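Each remark here refers to the structure printed beneath this line.
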Amino acid sequence: MKRNIILMGPPGAGKGTLAKQLISLGLVHISTGDMFREAIKAGTELGLLADSYIKHGNLVPDEVTIGIVKERLAMPDCENGFLLDGFPRTLPQAEALEKLTKEINRPIEAAINLDCDEKELVRRISGRRVCKNCGAPYHIDSAKPKVEGVCDICGGPLYQRNDDNEEALKVRLAHYVNQTKPLIDFYQERGLLTNFDSLKGSAVLFDEIAKFLKS
Ligand code: AMP
């Protein structure tokens, strides 16, 4: 089975949803976005700094983001494999990750890229709701909870992320095109990239990717 995986794709492509399903394969889910949101909730120095970038749709500076990933990857639970969701997002991050994974002898074995057209990304993000407690994702039209505003899994309240608005989304998509999309070539050149069609829906996508990782 392939371990030490990168999950790539634009905001709204379904990285978080897929990552939560792939945990069942024994991979540790590392989401830099979740780590920042936790720090914001806890009101730490990192949280205050991250919030000032995230709320406008901007990227948190590389040295900060690389630092938290470096610490996380060195933890013993990553030994059996990790799934990076939302990292790397820039070329310096990809280069730092390559160096770091070599040092700790946990090389990246696959980069999964989720393709999705922009109209669908906007629909998904503008209707997205997330559980405040467990982070489970919902959508106001296509993935409604059983009881409005309440998480099916833990009963927590659902909310709209403050960067899931039209203005911040425009900025996030521009950062994706200018800074993150070029990483497709970076991993293609290293023979690590595989593309999947995120329009297929989460159940089919999960089956295809689980099969690919087990092959
Ligand atoms: P996400 O939950 O992956 O959509 O991330 C939410 C926000 O956190 C992003 O829009 C960025 O502002 C910030 N963020 C997450 N990961 C990174 C990263 N690798 N580099 C810079 N900023 C990031």
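Data for the structure
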| read-out | value |
| --- | --- |
| Condition met for residue 201 (surrounded by fewer than 16 Cβ atoms within 10 Å (Cβ to Cβ) and either within 16 Å of residue 17 (Cα to Cα) or of a type in the set (A, V, I, L, M, F, W, C) (or both)) | yes |
| Identity of the residue in the stretch 68-85, within 17 Å of the chain's Cα centre (by Cα) and open to solvent by 10 Å² or more (accessible area, probe 1.4 Å), that ends up nearest to the ligand (Cβ to nearest atom) | 85 |
| The one condition in (1) more than 12 Å from the ligand (Cβ to nearest atom); (2) modelled with pLDDT of 95 or more; (3) open to solvent by 60 Å² or more (accessible area, probe 1.4 Å); (4) out of contact with any helix residue (DSSP H, G or I) (no Cβ under 7 Å at 6 or more places or on another chain) that residue 43 fails to fulfil | (3) |
| Residue that is most open to solvent (accessible area, probe 1.4 Å), among those in the stretch 13-40 that are under 17 Å from residue 65 (Cα atoms) and among the charged types (D, E, K, R) | 38 |
| Options 162, 133: the member that is within 14 Å of the ligand (Cβ to nearest atom), part of a loop (DSSP other than H, G, I, E, B) and surrounded by fewer than 17 Cβ atoms within 10 Å (Cβ to Cβ) | 162 |
| First in the stretch 191-206 and free of Cβ contacts under 8 Å to residues at least 12 places away in the same chain, second anywhere and of a type outside the set (Ser, Thr, Tyr), Cβ under 8 Å, 6 or more apart | 200/208 |
| Evaluation of residue 144 against (1) open to solvent by less than 30 Å² (accessible area, probe 1.4 Å); (2) under 26 Å from residue 210 (Cβ atoms) (one fails), failing number | (1) |
| Residue within the stretch 89-101 that is away from the ligand (no atom under 14 Å from the Cβ), modelled with pLDDT under 95 and open to solvent by 30 Å² or more (accessible area, probe 1.4 Å) present | no |
| Residues (under 15 Å from residue 33 (Cβ atoms) and either without any contact (Cβ under 8 Å) to a residue 40 or more places away in the chain or in contact with an Asp or Glu (Cβ under 9 Å, 6 or more places away or on another chain) (or both)) located in the stretch 136-158 | 136 |
| Verdict on residue 62 being open to solvent by 10 Å² or more (accessible area, probe 1.4 Å) and in contact with a Pro (Cβ under 6 Å, 6 or more places away or on another chain) | yes |
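The values are calculated or read from the model by the stated rules, or taken from the named source; none is laboratory data. Since we're looking at a predicted model, the values are computed, not measured. For neighbour counting, all protein chains shown are included, and Cβ atoms are generated from backbone atoms with ideal geometry for every residue, glycine included. Protein only, heavy atoms only, side chains kept; ligands, DNA and RNA dropped before computing areas. Shrake-Rupley method; radii C 1.70, N 1.55, O 1.52, S 1.80 Å.
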